[in-house]
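Report on one structure; see the data block that follows.
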Amino acid sequence: NDDQPIALENVTSDILRKVLEFCEYHRSDPLPSDEEPSEQHQWFNSTKRQPDICEWDSNFVAAMDRDTLLDIVLAANSLDIKPLLDAGCKNIADKIRGKTTGEIREFFNVPNDLTPEEEEQIKREN
């Protein structure tokens with residue numbers, strides 16, 4: 001029913017504006033079907049089994065600061081906007097690729113709760 005409200009818990013007005021900007025840009029794009037993604041969808045490359053991100057989408061998420069990008073990914077996931085979710089996740093993956101555990105923790109603001117001994121043990125095991 002089109003009259004039913006959409007839950008937007010934890011989506012701020014600034015993030016919603018960004019989501020709407022993305023949706024407005026893609027308003028005339030064909031909608032993906034419920035079937036397995038195929039080559040007919042411009043955002044999916046079936047040979048690589050990963051989404052193709054158009055230049056506009058890539059630039060859209062690349063211009064965001066870390067906090068906005070993470071909030072956009074959460075909003076896109078909650079609102080089931082797969083192309084925006086894919087663009088955000090790919091951007092995050094590109095940002096953390098090749099980083100150390102400490103650098104990834106810093107990116108996501110995850111405190112290091114391991115003792116130096118525990119860290120050394122993990123390094124020896126891996």
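The values are calculated or read from the model by the stated rules, or taken from the named source; none is laboratory data. All values derive from a computational prediction rather than experimental measurement. Cβ: placed from backbone, ideal geometry, glycine included. Neighbour counts: every protein chain shown. Areas reflect the complete protein model, heavy atoms only, side chains present, ligands, DNA and RNA absent. Shrake-Rupley method; radii C 1.70, N 1.55, O 1.52, S 1.80 Å.
Observations on the model:
- Conditions (1) open to solvent by 50 Å² or more (accessible area, probe 1.4 Å); (2) at pLDDT below 95; number of the one not met by Gly102: (1)
- The set of residues in the stretch 90-126 that are part of a loop (DSSP other than H, G, I, E, B) and over 28 Å from the mean Cα position of the chain (by Cα) comprises Thr115, Asn126.
- Cross-chain or 6+ apart pairs with Cβ under 8 Å, the stretch 1-18 first and farther than 14 Å from Ile81 by Cβ, then open to solvent by 100 Å² or more (accessible area, probe 1.4 Å) and among the aliphatic types (A, V, I, L, M): Asn10/Leu74
- Flag if Glu9 is at pLDDT 95 or above, closer than 26 Å to Phe107 by Cα and open to solvent by 40 Å² or more (accessible area, probe 1.4 Å): no
- Close pairs (6 angstrom Cβ cut-off, 6 or more residues apart or separate chains): modelled with pLDDT of 90 or more in the stretch 105-126, open to solvent by less than 80 Å² (accessible area, probe 1.4 Å) and among the aliphatic types (A, V, I, L, M) anywhere: Phe107/Ile96
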